[in-house]
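Here's the structure we're looking at; comments come further down.
The values are calculated or read from the model by the stated rules, or taken from the named source; none is laboratory data. On a predicted model such as this, the values are computed, not experimentally measured, just so you know. Positions of Cβ are backbone-derived with ideal geometry, glycine not excepted, and every protein chain shown enters the neighbour counts. Heads up: the accessible areas ignore ligands, DNA and RNA and are worked out on the full protein's heavy atoms, side chains in. Shrake-Rupley method; radii C 1.70, N 1.55, O 1.52, S 1.80 Å.
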Amino acid sequence: MVKPDISTELSGIRLSNPVIPASGTFGFGKEFAELYDINILGSISVKGTTREPRFGNPQPRIAECPMGLINSVGLQNPGIDEVVKKELPELSEIYHKPVIANISGFSVDEYVECAEAVDKVENVGIIEVNVSCPNVHAGGMAFGTSAENIAKVTKAVKAVAKKPVYIKLSPNVTDITEMAKAAESEGADGLSLINTLMGMRIDVMRRRPVIANKMGGFSGPAILPVAVRMVYQVSKAVKIPVIGMGGVSSARDVIEMMMAGASAVQVGAANLTDPWACKKIIEELPGECEKLHIERLSDIIGCVE
Amino acid sequence: MRDLIFKIKENRKIAKDVYEMLLLGDTSDITRPGQFINIKLDGFYLRRPISVCDWSEDEIKIIYKVVGEGTEYMSGLKEGDELQVLTALGNGYSIDELKLSLEKNGHMRTVLAGGGVGVPPLYGLAKKLLEAGVRPDVVLGFNGAEDVFYKKEFEDLGLKVEISTMDGSMGKKGVVTDVMRAEDNSSLYDYVFTCGPEPMLKAVYDLVPEGQFSFEARMACGFGACMGCSCKTKYGNKRICKDGPVLMREEIIW
């Protein structure tokens, strides 16, 4: 058998493989570039950026769970100016492929300003619009849980962006396909799903929440089945490409996500417990394809009826 | 930073709920006292960050307290068991920074102030300071006599060790700063290396004019990726895991 072709495509951008570190678990790549050549990655979704710099939420921000964790970082980021002037250019020196710029906001105007700013940056291939952060009280997920607001944000961002716009969806909704269709109808070029599930842990000794912000976003292998289900439902409901994520930790998980309908796959929490996780997954992919008699990985996208 | 396999040489109880574990493996990534390792445990999603107490070419010593399910699991591990360990993490204490202050100020009365499971990294630091020709005093604070550990180990290095306990069952009744304060309420020391619970660090900060403070935080990754353990400092936001855990006194914001 010839070596399997593990390349894929997102809105005309060729990826050498479908593995993309998810926003918020990979910073701007620096910490990982010290450990391995990050140019093996299909792309990188960088840390979510808002117009103003944000410190984020109070400590503690992390709670362990069975097969996962809750985080309540709260969009800590240096602000869009710093990201455009410093972080993205510095990333282009160590990573030579198009990246996914993840933006967030508290108003439609803020999303538009951030989109305009990253749209001009050379190494940005895709703009990922995060309407689903569960860790900020206004904005973020408040946009992502209403089809009407998703439509508004999508329309406004599409009006200013020349680059492909992907809307990152929240799983914390009654019917995610409604949100997906709202984004598609206003011209979204693709969708990323799922963001974290709202969760909470209680310190039973102290009788108080583990996390200072009480609730946070649950991620890790525990949420993979939820993510696979939603990627499956959404990819059947829309025609635009889907980037699948949620608990992906192995080459087998990548394949499962693609069979559910994902054109590419993001790896999040796994980077935090094993900094070499993406590298290992990419190295395992060809062998895993051979085992499953997959000659071309892109052939299996949405193959499950 | 590397993810390496270490073999447990010994895992023994040394005080109430406190264990000392010796790990055999490649320690060459450790460059400074006060750095930590991040240990993967079967059945737990996140690793457990534990400070390095002491290290040699092929051995790491850690001391941990059983405070939850993860450390409870660790306490049951046996000689010969293997652990996957991210090593070495964090900045650690800087002896060069102390030397700069010594050059500027001449003699400085230096103290190591540890509280509870904040004591361990100060032991490796004490050995490195002695190698560098610095002889600090040692003040160790605990809740009670049953919690006390490493008094003798520090004494065996030839250092003056004083103990404080909250209940007065050993040493001076009170907290470490009660031992470090002169009768006129001034500090007996000019420079401190400290590690312990945050209220203790704050009390030490209020007393001693200069030094290095090691902080504890809940972490996810331990190597600077997730922003889970960020704190504000006078020099901008820092990650306790990557830019810390040791902060210089002058940059700390409470």
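When you look at residue A:258, is it surrounded by fewer than 19 Cβ atoms within 10 Å (Cβ to Cβ) and in contact with a strand residue (DSSP E or B) (Cβ under 9 Å, 6 or more places away or on another chain), yes or no?
Numbers: surrounded by fewer than 19 Cβ atoms within 10 Å (Cβ to Cβ): no; in contact with a strand residue (DSSP E or B) (Cβ under 9 Å, 6 or more places away or on another chain): yes.
Judged against the criteria, residue A:258 is not a match.
Note down all Cβ pairs under 8 Å where the first residue falls in the stretch B:10-24 and is outside the structural domain of residue B:81 (by TED's automatic domain parsing) and at positive phi, the second is among the hydrophobic types (A, V, I, L, M, F, W, C) and buried (at least 18 other Cβ atoms within 10 Å of the Cβ), and they're at least six residues apart or on different chains.
Qualifying pairs under 8 Å: none.
Residue check: is residue A:196 over 22 Å from residue A:259 (Cβ atoms) and touching a Phe, Trp or Tyr at 6+ places or on another chain (Cβ under 9 Å)? Break it down stepwise before answering.
Working: over 22 Å from residue A:259 (Cβ atoms): yes; touching a Phe, Trp or Tyr at 6+ places or on another chain (Cβ under 9 Å): yes.
Taking the combined requirement at face value, the residue satisfies it.
Output yes when any residue across the stretch B:214-228 is part of a strand (DSSP E or B) and free of Cβ contacts under 8 Å to residues at least 12 places away in the same chain, and no when none is.
Pass one, the stretch B:214-228, residues part of a strand (DSSP E or B): B:214.
After this cut, where a residue has to be free of Cβ contacts under 8 Å to residues at least 12 places away in the same chain as well, the list is none.
No; the residues of the stretch B:214-228 include none that is part of a strand (DSSP E or B) and free of Cβ contacts under 8 Å to residues at least 12 places away in the same chain.
Checking residue A:158 against (1) surrounded by 17 or more Cβ atoms within 10 Å (Cβ to Cβ); (2) more than 17 Å from the chain's Cα centre (by Cα); (3) on the phi < 0 side of the Ramachandran plot; (4) at pLDDT below 95: exactly one of these is not met. Which one?
If we test residue A:158 against (1) surrounded by 17 or more Cβ atoms within 10 Å (Cβ to Cβ); (2) more than 17 Å from the chain's Cα centre (by Cα); (3) on the phi < 0 side of the Ramachandran plot; (4) at pLDDT below 95, just (4) comes out false.
Return the residues of the stretch B:183-200 that are free of Cβ contacts under 8 Å to residues at least 40 places away in the same chain and more than 14 Å from chain A (Cβ to nearest Cβ); say none if nothing qualifies. Quick ask: steps written out before the conclusion?
So in the stretch B:183-200, the residues free of Cβ contacts under 8 Å to residues at least 40 places away in the same chain come out as B:183-187, B:198-199.
Result: B:183, B:184, B:185, B:186, B:187, B:199.
All but one of (1) closer than 16 Å to residue A:133 by Cα; (2) under 16 Å from the mean Cα position of the chain (by Cα) hold for residue A:56; which doesn't?
So residue A:56 meets the others, but not (2).
Can you give me the number of residues within the stretch B:44-69 that are surrounded by fewer than 19 Cβ atoms within 10 Å (Cβ to Cβ) and of a type in the set (Val, Ile, Thr)?
So the answer is 2.
Given the structure, is residue B:114 part of a strand (DSSP E or B) and not assigned by TED's automatic domain parsing to the domain that holds residue B:30?
Details: part of a strand (DSSP E or B): yes; not assigned by TED's automatic domain parsing to the domain that holds residue B:30: yes.
The answer is yes for residue B:114.
All but one of (1) closer than 25 Å to residue A:247 by Cα; (2) in contact with a Pro (Cβ under 8 Å, 6 or more places away or on another chain) hold for residue B:41, so report the exception by its number.
Unmet condition: (2).
May I ask you to say which residue of B:216, B:183, B:198, B:210 is of a type outside the set (A, V, I, L, M, F, W, C), open to solvent by 40 Å² or more (accessible area, probe 1.4 Å) and within 14 Å of residue B:112 (Cα to Cα)?
Values: B:216 fails: within 14 Å of residue B:112 (Cα to Cα); B:183 fails: within 14 Å of residue B:112 (Cα to Cα); B:198 fails: within 14 Å of residue B:112 (Cα to Cα).
Just a single option satisfies the conditions, and that option is B:210.
Exactly one of (1) within 14 Å of chain B (Cβ to nearest Cβ); (2) under 17 Å from the mean Cα position of the chain (by Cα); (3) open to solvent by 10 Å² or more (accessible area, probe 1.4 Å) is unmet by residue A:278. Its number?
(3)
I'd like to know if the stretch A:262-273 contains one or more residues that are away from every other protein chain (no Cβ under 14 Å), part of a helix (DSSP H, G or I) and open to solvent by 10 Å² or more (accessible area, probe 1.4 Å).
Of the residues in the stretch A:262-273, the ones away from every other protein chain (no Cβ under 14 Å) are A:262-266.
Pick out the ones that are also part of a helix (DSSP H, G or I) and you get none.
No, the stretch A:262-273 contains no residue that is away from every other protein chain (no Cβ under 14 Å), part of a helix (DSSP H, G or I) and open to solvent by 10 Å² or more (accessible area, probe 1.4 Å).
Taking the stretch B:239-249, which residues are within 11 Å of chain A (Cβ to nearest Cβ) and in a strand (DSSP E or B)?
Scanning the stretch B:239-249 gives a single hit, B:239.
Here's the yes/no breakdown for (1) open to solvent by 10 Å² or more (accessible area, probe 1.4 Å); (2) within 11 Å of chain B (Cβ to nearest Cβ):
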position: A:20; (1), (2): no, no
position: A:32; (1), (2): no, yes
position: A:35; (1), (2): yes, yes
position: A:41; (1), (2): no, no
position: A:44; (1), (2): no, no
position: A:58; (1), (2): yes, yes
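Go through the stretch A:60-86 and report how many residues are more than 9 Å from chain B (Cβ to nearest Cβ) and surrounded by fewer than 21 Cβ atoms within 10 Å (Cβ to Cβ).
6
Please count how many residues of the stretch A:164-214 are among the β-branched types (Val, Ile, Thr) and open to solvent by 50 Å² or more (accessible area, probe 1.4 Å).
Adding up the residues that qualify gives 3.
Any residue that is under 17 Å from the mean Cα position of the chain (by Cα) and open to solvent by 10 Å² or more (accessible area, probe 1.4 Å) - is there at least one of those in the stretch B:219-235?
Yes, the stretch B:219-235 contains a residue that is under 17 Å from the mean Cα position of the chain (by Cα) and open to solvent by 10 Å² or more (accessible area, probe 1.4 Å).
Looking at A:148, A:116, which is the one that is more than 23 Å from residue A:56 (Cβ to Cβ), open to solvent by 10 Å² or more (accessible area, probe 1.4 Å) and at pLDDT below 95? Before the answer, list the steps.
Details: A:116 fails: at pLDDT below 95.
Exactly one residue qualifies, and that residue is A:148.
Counting only residues that are open to solvent by less than 20 Å² (accessible area, probe 1.4 Å), assigned to a strand (DSSP E or B) and touching a Lys or Arg at 6+ places or on another chain (Cβ under 9 Å), how many does the stretch B:1-34 have?
Residues in the stretch B:1-34 being open to solvent by less than 20 Å² (accessible area, probe 1.4 Å), assigned to a strand (DSSP E or B) and touching a Lys or Arg at 6+ places or on another chain (Cβ under 9 Å): 7 in total.
So which strands (runs of 3 or more DSSP E) stay within the stretch B:35-81 end to end and still have 3 or more residues that are more than 23 Å from residue A:270 (Cα to Cα)?
Values: elements: B:36-40, B:48-55, B:59-65.
Because the criterion is at least 3 residues that are more than 23 Å from residue A:270 (Cα to Cα), the strands (runs of 3 or more DSSP E) in the stretch B:35-81 that meet it are B:48-55, B:59-65.
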